[in-house]
Each structure stands twice: as structure tokens, then as C-alpha cells.
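Okay, structure first, notes after.
The values are calculated or read from the model by the stated rules, or taken from the named source; none is laboratory data. For clarity, every value in this text was computed on a predicted model and none was experimentally measured. Positions of Cβ are backbone-derived with ideal geometry, glycine not excepted, and every protein chain shown enters the neighbour counts. Accessible surface areas use protein heavy atoms only, side chains included; no ligands, DNA or RNA. Shrake-Rupley method; radii C 1.70, N 1.55, O 1.52, S 1.80 Å.
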Amino acid sequence: MKATYLGFLASLVFLNAQAQHKTIGQRADSIIHLMTLEEKIGQMNQYTGDWQATGPITPDGDKQNQIRKGMLGSMLNVTGAAHTREIQEMAMQSRLKIPLLFGLDVIHGYRTTFPIPLAEAASWDTAAIRLSAHIAAKEAAAAGIHWTFAPMVDIARDPRWGRVMEGAGEDPFLGSQIAIARVTGFQGTRLGSTDAVMACAKHFAAYGAAIGGRDYNAVDMSDQTLWNVYLPPFKAAAEAGAATFMNSFNSLNGIPASGNAYLQRTILKGDWKFQGFVVSDWGSISEMVNHGYAKDNTQAAEEAVTAGSDMDMEGRAYIGCLAELVRSGKVKESIIDEAVKRILVKKLELGLFENPYKFCDSAKEQSQWNDAANLQVAKMMAERSIVLLKNQQGLLPLSKQTKTIALIGPLMKSVRDNLGFWSFAWPDDTTRIITQYDGIQKKVGAGTHLLYAQGCGIKDTSTAGFSEAIQAAAQADVVIVSVGEAGNMSGEAKSRSNIHLPGVQEELIKALCATGKPVVVLINAGRPLVFNWTADHAPAIVYTWFLGTEAGDAIADVLFGDYNPSGKLPISFPRSEGQIPIYYNHFNTGRPAHGDAPAPYTSGYLDLPNSPQYAFGYGLSYTNFSYSGLKLDKNQVHSGQDIQVTVQVSNTGNYDGEETAQLYIRDIVSQPVRPVKELKAFQKVWLKKGETKTITFTLTSKDLSFYDNDLHFSFQPGDFKVFVGGNSQDVKEAGFTLLDQ
Ligand code: GLC
């Protein structure tokens, strides 16, 4: 035994000496050379801590022994500098002392909660989004976390799906820009900084296209739709250097993602040359038995590792079955070595071999609690995420000297609902989170009298509280009513077949409007909701999503004019569940319905207009912006030539404000057909009232390209339209011809 140990020590010393001039890959190879098969498989095994389950927990009390034996490569849902140190010390008792990775769902903030990702996407502000991710990473890394399971980059066209809150909406281009911002925000310029964490692009792939918007459901789509709509944000994340990917629960065209070699080996590790590692989703490897794709865990493990799933999250398929599969010759050990190398390379890049405890600094962790600068960024992000949907007769912004304001609604005084799903509960939340009531109270003058009544619950059907609310409204100069979903009515496993305002909330809005008082409606949700009566009758509507720790202050800033709302919808809002899926970048069909009153024998509904209640890219300001002088620098272009697109944007209203100018194209004739509009660029422009600026976009051949029937990424000669405007519907139009391939 002693000789072995001495031999081992000698090899470590040698390794260390060698490490000075070996590449990371060579160092990983040297470590693998020392590992037993069981130790290799241990690296591919991830368990949850019992701190916060994010999936069905398998009770097995000997996790600590398994850690000491090197049978785990990573843990999730363990947090805190002291706690992670304690567990890392157990890993250092293993034979090879390979450090653990600690992963956590830091989706939109850790100690400081930022707006839900769909809300941040409504800002179209990639710099702000990157900063938000950077702060989340800093706070999480200070708490011992090496790896966040974010960004979720799933395109979502179905708001019944609860996880629409977690992504960036329906558009591949916007989704790609935001994926890049989040990956670079989380990871910083290089892995290993203790102010950064590894990112994880998820859920690979097409999880957002679950049939019926029902979470975990099957996905069935053409390769063209997969490549042109659902893969681009993943490709962008990979090109931005995402350290890891997570596969998805869904099957894609009959093959579960965890066992899908086309996705993981052909596309991700092949075409895209991804060098990181792929972690399964929670138990998704073992769930291939439920899918009916594997007869048992052994076959599931074989399918998954062969298809390129490198780490098994909470599935226990790898730890239970891989060794036998290798020994029986069904799985080559080289496949195991390749997966383990991908995992070890990330641990080496993080610097965990040199110092397994580098992220376990309790003093640094304390320094990140309630950091004023972090909270300020959270408020800025929240303000920019708010979307003004309606503002009749300039009811907003309100005066801070308004004499009496009635504050009504089930979300007006709500606390944790402001954080939305994928947020962390802290003991001092009730004092830390700025409620909407508190934000407004702090904002108004001493002379303003606030009246409050809840009016109704979020989901209950009782109208018993209406009379008190109506009384308060009757005494007020203006009514602000805060309605919507509870924070846990969207998120994972939170699909809803009915996405109307829940309970009797719209009846409450009707009753308040019936008082004749001006009513401002705040809608809090993790998804587009249906609220047609409110859309038609309430004078002012503000979509506040779930805005995080600073929600109340951000909302008050907008309501009283200290921030002029600039948000634009990253997803279409349906008039009815019957319209779903509804998205702006749809095909024209052979019988397109023009306008909202479709002629007979055209593609429309007998009982509903085709148009959404609110369009992709839509959002108002307290001022008005006008577009003029749209020009292309050439109306014929050869392949490889760029086109300069210029347009004047004017602020014709009474407030300084920020506009997000959007550029769309349409490829008029192509095979296969292309959508009636595709977002290809956007620019945020700040304009003082009365100011005009000329903005320029550059269109390249890449912008005109798409994956054709042979999945070649290319463009086709022919006529194109260019649209520029402040949303996807109200646009100026120009055209050009692409002369050759
Ligand atoms: C969950 C989610 C995934 C998350 C993981 C760990 O089931 O699907 O997004 O990162 O498990 O919590």
C-alpha cells in the first residue's frame, strides 16, 4: 500500500512539474492516464445537494462517501462559500483529489434578483443584459458556484409553455444577440476569474416547441425550421464560447435529445466544433426509458454516452451502468475518456486543480450581499424591461403631486411574486424586495394620499373585495391596479392552457373602469397573457413582467416619469389561445389574408382577426418617434456586397426618450419559402425631444442567408424588401435585387 501511495505521490509531483509547460489538454490526458474506469465514470456523474431541489430527488444518504471515493464530478444546488468548501474538502480526500464542480440555476440573479429573462429581452439592450449576467455571476461565484445553468436560449412561440419566461422570446436574431450577451456576461473574458462562472446554453434543442405548449412534451419539426429558427441562438452561444451545453427533456422527431447523436455529435461537437461538455437535464438520460427509447437504464446509458451526453445529472444511469457497458465491450473506453477529458479541461481552465477552494471565500461572499451598485443595475435593468402597451390621452406619466391615488390589486403589495420563477428565497426578502406599493409610496409627494384595497386574489373567483376597491377608486383622482399571474404560475412545469388574466381580475378592472376614474393597469406575468377587454377599454396599460428585487422602484420611476419606458415586446401577444402558435416571422401561404377581415377562402379564422393583440417588437414611449427617408445605398447588389441602409428617426413628442429601431427583410422568392419578415438588425437610439438622428444599418450576404432544403447556409438571387420601424408592423419599406449567388 505504502509503495503505491509513494508511487502515486511521485506521479503527482511529476505531473505538477510537467504541468508548468503542458497544455490544458495534455494535462487532462495525464490525469486520465492515472484514473481507474470507476474514477472516470465518477467525473460523469452529478448529484443534487438537498439545498433546493429543482427536480424529483432520489434519496441516497451516502453521497458524501461517494464524493470521498471520487464517484462524483459535480454537484448542483449546493451554495455558500463555507458549504462548498466543506464538500470540496471531501473530494480532496479521494485518491486523485479531482475537484468538484458546483452548478446552480443562476438564471436571472443570485442574491440580487434581476427581471426574468423574457423581461430583460424586452429591453433589447444587450449591453445591459450582459451587465446583468456579469453581476449574477459575481454574486454566485462569491458563493462558491463555478457554473450556472444559463442562459436558456430556447426559442418560444407558444406562451402556454411556462418556460417562455426563461428565454428571449420568439426571434432567432434577437435570441442570438441576447445569448451572446448572457454567455459573455456570465463567463467574462476568460474562465478562472472568481468574478465569473461557466455558462451553460440550454436546452439543446428545440425544447420550446413542445407540442401544445405542454412542458416536456414531444417536438416534431422539419430540419429547415430546426436550423433556421431554433438552432441559431445555440450556435451563437457556442461561438461566444459557452463552456457547457445542457440537453433537453424533449424528443426531437422521435429521438430524445439526451440520446440524439445528430444534435450532440453531428451538429454541436462536429459542425460547430464545440470543445466544452454536455450535461444532461435532470434525469433526462434515465427518462429515455419513459420515452420508450431505451428498455432500461443500461441501454439509456449506452445511448446517451454514445450520442455525446458527457455528464449525467441526477439520472444515476452512468454511475450505475457504464462500467459494465465498457467491460462488456458495448461502449468503448475511448468514448468515456473523451467525455472525461471535456469535463477535466473545464476544471483545469477554472484553476480548480491549482486551488480547489478559490471560489470559497466567505469574506468575498459577504461583500456581495446587498451590494448597492448591484441593486442599482437591477433597477436600471428593470426600468428598461418595462413595456408601455397603451397610454390614451397621455394619462401617463402621472404627477407626483396627484392628490389621491387608489392602489388596487392582488400584486400591488405582493413581495416574492416580483421575483418570478428561478429566483432564490432569502430570509430577509420581505425587507429587501421593493413592492409596487412601496415604490409608489416613496415616489409621490407628501401631499399625496394613497388608498389601498386588494380587490381580489390572483386565482380565486370571489368578488367580495370589489366593493372596497370601488370605494377607494371613487375617492381617488387616479387608480393604479396591479394584476397578473403569481410568480410561480410560469417557469418549469408551469404550462397553462388558459392564459387569460387569472381569476376575476379582468372583472375587477372592468369594475374600476366603470367608476369613470382614469385607470392605469400594471400586468405582471412570465408570459404573454390574454386581456382583450382591458386592451380595448383601459386608458393605460404597462407590462411589468416580474422585475426582481427593485421592481417597485423601477415601476414607480416609469409611472411618474423619471424613466421614459423604452421596452419592446420580444414575443407576440395572442388575442386568444386559439391563435397559438402566433409569431411575426410566419410564411405567407398560398392564400394570405390581407388585414384583419380576411376575404373568403383565405388563411384566417371566422371568429378572430389574424393579427396579434400586440406585435413582436411593439412598445410605446411617453414621446413619439417618426421614421423617414429610408434609403439603400444601392438597389442592385452582387453577392458579397454589403448594403448600407439609412433612415432618419425623429422625436416628435414632449419627452426625451430611447427608441429601438428595427430592421427586417423579406426574401420575396426563395426555395424553400422564407417568412414575410425576418429581424436582421436593431439599434437603440436616444433622442431629445425635437431631435432627429440618421441611423445606418449594414446588410451583409450573411443576413440574407438561410438553411435551404439541403441545409446549405446560403442566399438566393432575387428581390428583397427591407423594412425599418419601431415594431414589426408599422414600418417604412424599400427594396433591392440580389443579382447573383
Ligand atoms: C431542471 C431544468 C434545468 C435546470 C436543471 C437543474 O429540470 O430543466 O433547466 O438547469 O433541472 O436544476
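Computed values, structure above
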quantity	calculated
Some residue of region 71-81 being modelled with pLDDT under 95, within 16 Å of the ligand (Cβ to nearest atom) and open to solvent by 10 Å² or more (accessible area, probe 1.4 Å)	yes
Candidate set: region 161-219, residues that are within 26 Å of Leu569 (Cβ to Cβ) and without any contact (Cβ under 8 Å) to a residue 40 or more places away in the chain; chosen: the one farthest from the ligand (Cβ to nearest atom)	Ile211
Residue within region 402-420 that is of a type in the set (Ser, Thr, Tyr) and farther than 30 Å from Pro539 by Cβ present	no
Test: residue in region 569-582 that is open to solvent by 10 Å² or more (accessible area, probe 1.4 Å), under 21 Å from Trp422 (Cα atoms) and acidic (Asp, Glu)	no
Hits in region 285-300 - residues which are in contact (Cβ under 8 Å) with a residue 24 or more places away in the chain and closer than 20 Å to Gly254 by Cβ	Ile285, Ser286, Glu287, Met288, His291, Tyr293, Ala294, Ala300
Enumeration of residues in region 713-727 that are under 28 Å from the mean Cα position of the chain (by Cα) and either open to solvent by 30 Å² or more (accessible area, probe 1.4 Å) or hydroxyl-bearing (Ser, Thr, Tyr) (or both)	Phe713
Given (1) closer than 21 Å to Ala205 by Cα; (2) out of contact with any Leu (no Cβ under 8 Å at 6 or more places or on another chain); (3) open to solvent by less than 10 Å² (accessible area, probe 1.4 Å), index of the condition Leu174 fails	(2)
Residues that are open to solvent by 40 Å² or more (accessible area, probe 1.4 Å) and assigned to a loop (DSSP other than H, G, I, E, B), drawn from region 340-370	Phe353, Glu354, Asn355, Tyr357, Lys358, Asp361, Trp369, Asn370
Lone qualifier among Lys732, Lys689, Lys702, Lys721 - being in a loop (DSSP other than H, G, I, E, B) and in the same structural domain as Gly657 (by TED's automatic domain parsing)	Lys689
Qualifying position, being among the small types (Gly, Ala, Ser), assigned to a loop (DSSP other than H, G, I, E, B) and at pLDDT 95 or above, among Ser670, Ser639	Ser670
Single condition Asn65 does not satisfy, out of (1) away from the ligand (no atom under 16 Å from the Cβ); (2) over 22 Å from Gln368 (Cβ atoms); (3) at pLDDT 95 or above	(3)
Pairs with Cβ under 8 Å, 6+ apart, first in region 266-284 and in the same structural domain as Arg342 (by TED's automatic domain parsing), second open to solvent by 30 Å² or more (accessible area, probe 1.4 Å) and within 16 Å of the ligand (Cβ to nearest atom)	Trp282/Thr54; Trp282/Pro56; Gly283/Pro56
Region 82-122: number of residues that are outside any helix (DSSP H, G or I), open to solvent by less than 10 Å² (accessible area, probe 1.4 Å) and among the charged types (D, E, K, R)	1
Residues that are in a loop (DSSP other than H, G, I, E, B) and either in the same structural domain as Ala119 (by TED's automatic domain parsing) or of a type in the set (Gly, Ala, Ser) (or both), drawn from region 403-422	Gly409, Ser414, Gly420
When residues of region 197-251 are limited to those that are of a type in the set (Lys, Arg) and within 23 Å of His291 (Cα to Cα), the one most open to solvent (accessible area, probe 1.4 Å)	Arg214
Complete set of residues in region 238-287 that are closer than 22 Å to Ile24 by Cα and within 15 Å of the ligand (Cβ to nearest atom)	Ala242, Ala243, Thr244, Phe245, Phe277, Val278, Val279
Yes/no for Ala150 being more than 12 Å from the ligand (Cβ to nearest atom) and surrounded by 24 or more Cβ atoms within 10 Å (Cβ to Cβ)	no
Among the residues listed as Ile180, Ile145, the single one being in the same structural domain as Glu86 (by TED's automatic domain parsing), modelled with pLDDT of 95 or more, among the aliphatic types (A, V, I, L, M) and open to solvent by less than 10 Å² (accessible area, probe 1.4 Å)	Ile145
Selection within region 506-521 - surrounded by 24 or more Cβ atoms within 10 Å (Cβ to Cβ) and out of contact with any Cys (no Cβ under 6 Å at 6 or more places or on another chain)	Ile509, Leu512, Val521
Failed criterion for Thr126 (all others in (1) within 15 Å of Ile180 (Cβ to Cβ); (2) buried (at least 24 other Cβ atoms within 10 Å of the Cβ); (3) more than 16 Å from the ligand (Cβ to nearest atom) hold)	(2)
Residues of region 596-628 that turn out to be in a strand (DSSP E or B) and in contact with a Lys or Arg (Cβ under 6 Å, 6 or more places away or on another chain), as a count	2
Cross-chain or 6+ apart pairs with Cβ under 6 Å, region 700-719 first and touching a residue at least 12 places away in the same chain (Cβ under 8 Å), then crowded, with 16+ Cβ neighbours inside 10 Å and of a type in the set (Lys, Arg)	Asp703/Lys680
Among the residues listed as Ala486, Ala425, Ala476, the single one being part of a loop (DSSP other than H, G, I, E, B), at negative phi and at pLDDT below 95	Ala425
Residue selected from region 332-348 under the condition out of contact with any Ser or Thr (no Cβ under 7 Å at 6 or more places or on another chain) and among the β-branched types (Val, Ile, Thr), by the criterion nearest to Ala304 (Cα to Cα)	Ile336
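For every residue, the table says whether it meets (1) of a type outside the set (A, V, I, L, M, F, W, C); (2) in contact (Cβ under 8 Å) with a residue 12 or more places away in the chain; (3) closer than 22 Å to Arg527 by Cβ.
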site: Ala363; (1), (2), (3): no, no, no
site: Lys442; (1), (2), (3): yes, yes, no
site: Gly447; (1), (2), (3): yes, yes, no
site: Asp460; (1), (2), (3): yes, yes, yes
site: Gln475; (1), (2), (3): yes, yes, no
